[in-house]
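Asks: Let me give you the structure first, and then I'll get to my questions.
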Amino acid sequence: MNFAVSIGKPDPEVYIDTGKWKARQGGNGVSAAEDIKIKYTNCTAEDNAKIYQLNKPITESFFSLFYPFGKVSKELGRKLIGEVVVLDVKHNVPIISIQPFKQEGYDYSVKIKTMNVANHDDLQRMAGYQIRKYNACRKCLKCESLCKTGAISIIGDNYKIDGNKCVHCKKCVSSKYLDGGCMMTGYLATKE
């Protein structure tokens, strides 16, 4: 109660009783926070592939979230299955395959496969950050403030990365920079 008064809430009791005080700490107990837990299954047909649940259909802004990893190429992906490939900027080799996917129990899902990298788990973890942002960015502006080139914009409900401005520094997908700032990362830390 004292905290609510100290931050100037006009009706501290309502602030406490409704649970709104929980929102900045990741929303434990707030119903809107349920959509940020990443739900995925390991692909049984391919190594280094995970099938992630999405809470909305894949759009162009979804693919823009993969610019920090490299060059996003629709041309190199298998068109028949709607695959998009991300190429490493230094070596021009595919490192991520993104495929819309049908998964039982998921209305929308995507298969993310990593390849030609030394540590698949690290790359999948970073891809998971982007999935989380697509599903449930709370507009805390941590990522936008990290980006020195102004490539990240959060307008309305759209989190988008401008491929012409992104320099692939990966700060927006690295736990080193996101810890202590991103509300979603903080929420998951309290759940795990």
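Asks: Please report, in Å, the Rg and the Dmax of the stretch 52-98, where both are computed over Cα atoms only.
Replies: 10.9, 33
Asks: Using only the C-alpha atoms of the stretch 68-146, find the volume of their convex hull and express it per residue in Å³. Walk me through the numbers on the way to the answer.
Replies: Values: hull volume 9.5 nm³, N = 79.
Convex hull volume per residue, Cα atoms: 120 Å³.
Asks: Please compute the length gained on full extension between residue 60 and residue 42, using 0.36 nm multiplied by the number of residues separating them and subtracting their Cα-Cα distance.
Replies: Values: separation 18, 0.36 × 18 = 6.48 nm, distance 2.47 nm.
Length gained, residue 60 through residue 42: 4.0 nm.
Asks: For the stretch 52-64, take each phi angle, set θ = phi - 60°, evaluate the Karplus expression 6.51 cos²θ - 1.76 cosθ + 1.60, and give the result in whole Hz per residue in order, putting x for glycine and proline.
Replies: Once θ is set to phi - 60°, the couplings for the stretch 52-64 become 9, 7, 10, 9, 7, x, 6, 10, 4, 5, 4, 5, 5 Hz.
Asks: List 63, 101 from most exposed to least, where exposure is judged by having the fewest other Cβ atoms within 10 Å. Working shown, then result.
Replies: Values: 63 16, 101 20.
By the 10 Å Cβ count, ascending, the order reads 63, 101.
A short reminder: the numbers here are calculations on the coordinates, not readings from a lab. This one's a predicted model, so the numbers in the text were calculated from it and none came from an experiment. Quick reminder, even Gly has a Cβ in these numbers, built from the backbone with ideal geometry, and neighbours come from all protein chains shown.
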